[in-house]
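Heads up, the thing below is written out as structure tokens.
The values are calculated or read from the model by the stated rules, or taken from the named source; none is laboratory data. For clarity, every value in this text was computed on a predicted model and none was experimentally measured. Reconstructed Cβ throughout: ideal geometry from the backbone, glycine too, with neighbour counts over all protein chains shown. SASA here: full protein model, heavy atoms, side chains in, ligands and nucleic acids out. Shrake-Rupley method; radii C 1.70, N 1.55, O 1.52, S 1.80 Å.
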Amino acid sequence: MLYFVIVLPWFIAVQHQNPTFFQEFFLEHNLERFATNKYQHVQPVWYYLVVVLLATMPWTVIAIRALVDGVGVSIIEWRIRHARTGTETAKKIGVSRPGDAFPEFLVLWALIPIVFFSLSHSKLPGYILPSLPPITILTGDYLFRARGRGLQRWVLLGHALLVGVVTAAVLLLPWFVSHGTKQMPPAHASIVALVSALSATVLILLVVQRWGVERLRVATCSVMVILLLFLYGVGPFYGIPGLAAGKRTIDLLDRSYSARPLAERIATIVPSSETVAVFRARRDMEYGLAFYRNHEVANYEEVGVPPEEHILVVRVAGKGGVDLGSQGALEEYLEGRHYEPLFSWPEQELVVYLVGKR
């Protein structure tokens with residue numbers, strides 16, 4: 001009842017202002033998204049297990065151990081709560097009074113979104129973001145309790161090795177973004193990444209050996225800060241200007257995965273009010289251009305060719321550089337209308353055209 005008292009006034013107000021709200025929000029973007037593949041986000045049932053493993057980096061090993069520990073504590077708490085004092089169950093457990101059920105609350109909070117959305121046909125990483133705070137709390141609590149007794153060897157070693165793997169992966173990321181995974185990086189880059197990974201691993205082990213688990217956070221976060229500086233460069237912050245030479249990695253990632261730099265380039269050619277269309281571009285690029293230009297983007301395959309002069313973004317290659325046959329298909333769509341290439345965007349295998357009016 002309290003939940004409905006809080007949310008119903010808002011839903012009713014929105015429905016009053018937007019008569020299609022119930023149909024679009026509840027039926028299409030909730031029920032249909034869950035039960036069908038209407039929005040083309042189908043993934044295997046184990047998809048969110050991978051998402052959780054990546055989302056808890058570099059603390060994944062400890063987070064898994066903490067979650068398992070939380071599940072074990074929750075089972076014991078549940079058995080105590082449902083066992084009468086003095087019964088065999090309570091005696092076997094060795095504790096006659098339950099705790100405050102906080103571990104059980106965190107475990108349920110963490111697992112229910114993962115299990116629920118794993119059953120959905122449509123899956124996106126953000127759906128299980130609510131599971132990350134309880135996993136983080138369980139991890140922090142586990143580390144706090146481990147200060148006295150220490151971490152199990154396999155947990156500490158696994159954490160240190162994972163930090164090393166993350167270090168190597170981040171340092172080699174620019175190469176794989178530029179050249180793909182089929183080409184191995186040059187020897188000097190591989191050696192630097194390997195030495196850095198071993199250094200990060202040894203640092204974690206030595207710090208914990210010398211100062212205990214309470215310094216594990218400092219050692220791990222020190223490595224992460226260095227990697228973030230490698231990714232994002234130095235500055236601008238706290239009066240420190242941005243160093244252009246250090247921004248190469250983030251600029252490469254920006255051009256390879258974001259629509260923002262492409263939208264900025266297009267803005268130098270036409271104003272935001274002018275029509276921009278896409279053909280065979282990825283959905284994230286289509287939506288990204290609409291977002292950064294603050295203007296709807298036309299899709300040839302959905303609404304056809306706009307009659308007015310417009311900018312057209314065409315994807316010419318797919319995974320592994322496979323030719324999508326966009327050029328021939330484009331000529332069929334345009335039916336003799338004049339068009340000319342303006343520039344290419346090789347980082348995302350795109351070509352931008354100026355298409356004349358009908």
- Query: Given the conditions (1) closer than 19 Å to residue 333 by Cβ; (2) more than 29 Å from the chain's Cα centre (by Cα); (3) assigned to a loop (DSSP other than H, G, I, E, B), which single one is not true for residue 281?
  - Reply: (2)
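So, of the residues in the range 259-278 that are assigned to a helix (DSSP H, G or I) and open to solvent by less than 10 Å² (accessible area, probe 1.4 Å), which turns out to be farthest from residue 41 (Cα to Cα)? First the steps, then the outcome.
If we filter the range 259-278 for residues that are assigned to a helix (DSSP H, G or I), which is where we start, we get 260-267.
From what's left, open to solvent by less than 10 Å² (accessible area, probe 1.4 Å): 262-263, 266.
Working: 262: 25, 263: 25, 266: 29 Å.
Among them, the one singled out is 266.
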- Item | Contacts under 6 angstrom Cβ, first residue in the range 46-66 being closer than 23 Å to residue 204 by Cα, partner part of a helix (DSSP H, G or I) and open to solvent by 50 Å² or more (accessible area, probe 1.4 Å), 6 or more apart | 60/53
- Query: In the set 201, 220, 167, which member is among the hydroxyl-bearing types (Ser, Thr, Tyr) and closer than 21 Å to residue 250 by Cα?
  - Reply: 167
- Message: For the range 211-250, give me each residue that is under 22 Å from residue 177 (Cα atoms) and of a type outside the set (A, V, I, L, M, F, W, C).
- Response: 232, 233, 246, 247, 248, 249
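Quick check on the range 327-352: of everything there that is in a helix (DSSP H, G or I) and open to solvent by 30 Å² or more (accessible area, probe 1.4 Å), which residue is nearest to residue 251 (Cα to Cα)? I'd like the intermediate steps shown before the answer.
Of all residues in the range 327-352, those in a helix (DSSP H, G or I) come to 327-334, 346-348.
Then keep just the ones that are open to solvent by 30 Å² or more (accessible area, probe 1.4 Å); that gives 327-328, 331-333, 346-347.
Numbers: 327: 29, 328: 32, 331: 33, 332: 36, 333: 34, 346: 14, 347: 11 Å.
Going through the qualifying residues, I end up with 347.
Just for helices (runs of 4 or more DSSP H) wholly inside the range 177-258: which have at least 3 residues that are among the small types (Gly, Ala, Ser) and surrounded by 15 or more Cβ atoms within 10 Å (Cβ to Cβ)? Write out each step before concluding.
Values: elements: 187-211, 216-232, 248-257.
Because the criterion is at least 3 residues that are among the small types (Gly, Ala, Ser) and surrounded by 15 or more Cβ atoms within 10 Å (Cβ to Cβ), the helices (runs of 4 or more DSSP H) in the range 177-258 that meet it are 187-211.
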- Lone qualifier among 138, 157, 161 - being more than 30 Å from residue 44 (Cα to Cα), over 20 Å from the mean Cα position of the chain (by Cα) and of a type in the set (A, V, I, L, M): 157
- Message: Can you list residue pairs whose Cβ atoms sit under 7 Å apart, with the first residue in the range 19-41 being without any contact (Cβ under 8 Å) to a residue 12 or more places away in the chain and more than 27 Å from residue 115 (Cβ to Cβ) and the second being open to solvent by less than 70 Å² (accessible area, probe 1.4 Å) and in a helix (DSSP H, G or I)? Count only pairs 6 or more apart in sequence or on different chains.
- Response: 21/14; 21/15; 22/15
- Item | Residue list for the range 288-326, restricted to those being open to solvent by 80 Å² or more (accessible area, probe 1.4 Å) and free of Cβ contacts under 8 Å to residues at least 24 places away in the same chain | 294, 296, 301, 302, 303, 319, 322, 323
- Message: Tell me the residue from 148, 126 that is more than 16 Å from residue 59 (Cα to Cα), open to solvent by 70 Å² or more (accessible area, probe 1.4 Å) and part of a helix (DSSP H, G or I), please.
- Response: 148
- Note on the structure: Considering the range 20-70, residues that are open to solvent by less than 50 Å² (accessible area, probe 1.4 Å), of a type in the set (Ser, Thr, Tyr) and outside any helix (DSSP H, G or I), and then whichever is nearest to residue 223 (Cα to Cα), we arrive at 56
